[in-house]
1. Of a type in the set (S, T, N, Q), open to solvent by 40 Å² or more (accessible area, probe 1.4 Å) and free of Cβ contacts under 8 Å to residues at least 40 places away in the same chain - does that describe any residue in the range 9-19?
2. Is there a residue in the range 44-64 that is over 25 Å from residue 119 (Cα atoms), polar (S, T, N, Q) and open to solvent by less than 50 Å² (accessible area, probe 1.4 Å)?
3. Any residue at all in the range 79-98 that's among the hydrophobic types (A, V, I, L, M, F, W, C), out of contact with any Cys (no Cβ under 8 Å at 6 or more places or on another chain) and surrounded by 17 or more Cβ atoms within 10 Å (Cβ to Cβ)?
4. Taking the options 77, 58, name whichever one is within 23 Å of residue 23 (Cα to Cα) and out of contact with any helix residue (DSSP H, G or I) (no Cβ under 8 Å at 6 or more places or on another chain).
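The values are calculated or read from the model by the stated rules, or taken from the named source; none is laboratory data. All figures in this text were calculated on a predicted structure; none of them were measured in a lab. Positions of Cβ are generated from backbone atoms using ideal geometry, with glycine treated the same way; all protein chains shown enter the neighbour counts. In case anyone asks, the SASA skips ligands and DNA or RNA and just uses the protein heavy atoms, side chains included. Shrake-Rupley method; radii C 1.70, N 1.55, O 1.52, S 1.80 Å.
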Amino acid sequence: MKNKNFLQSVVCAFRGIAGGFREERNFKIYACIAAVVLALNILTSSGLYDYILFLALSCGVFAAEYVNTAVERLCDSFCAEENRDVRFAKDVSAAAVLIMGIAFFGAEGAVLFSNFLRML
């Protein structure tokens with residue numbers, strides 16, 4: 001299983017991306033939010049660096065959510081009963097998603113606010 005070539009690793013990664021969207025509701029919510037924010041960036045004539053910021057932060061949110069999903073699934077598969085350490089690991093991985101979400105909304109809010117002001 002570990003001795004995969006690069007192409008096989010990419011195939012596994014795409015399978016993980018598809019699985020996340022298929023099985024986890026939050027991925028669909030994040031995709032909708034990202035689509036709305038992207039549309040607002042387009043409508044307000046954002047610049048190149050605004051799009052780079054959008055891409056970096058939205059990818060960061062998705063990456064954090066993928067890690068959070070993996071941690072939760074792994075914890076749940078090894079420990080069915082309530083466990084303090086498992087709860088802590090799951091809470092900390094969820095916190096990573098929250099922190100990235102705050103960064104996304106803060107930065108994109110500032111970009112869109114400045115774009116709206118510029119349009120006035």
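1. Yes: the range 9-19 contains one or more residues that are of a type in the set (S, T, N, Q), open to solvent by 40 Å² or more (accessible area, probe 1.4 Å) and free of Cβ contacts under 8 Å to residues at least 40 places away in the same chain.
2. no
3. For the range 79-98, residues among the hydrophobic types (A, V, I, L, M, F, W, C), out of contact with any Cys (no Cβ under 8 Å at 6 or more places or on another chain) and surrounded by 17 or more Cβ atoms within 10 Å (Cβ to Cβ): present.
4. Numbers: 58 fails: out of contact with any helix residue (DSSP H, G or I) (no Cβ under 8 Å at 6 or more places or on another chain).
Just one listed residue meets the conditions, 77.
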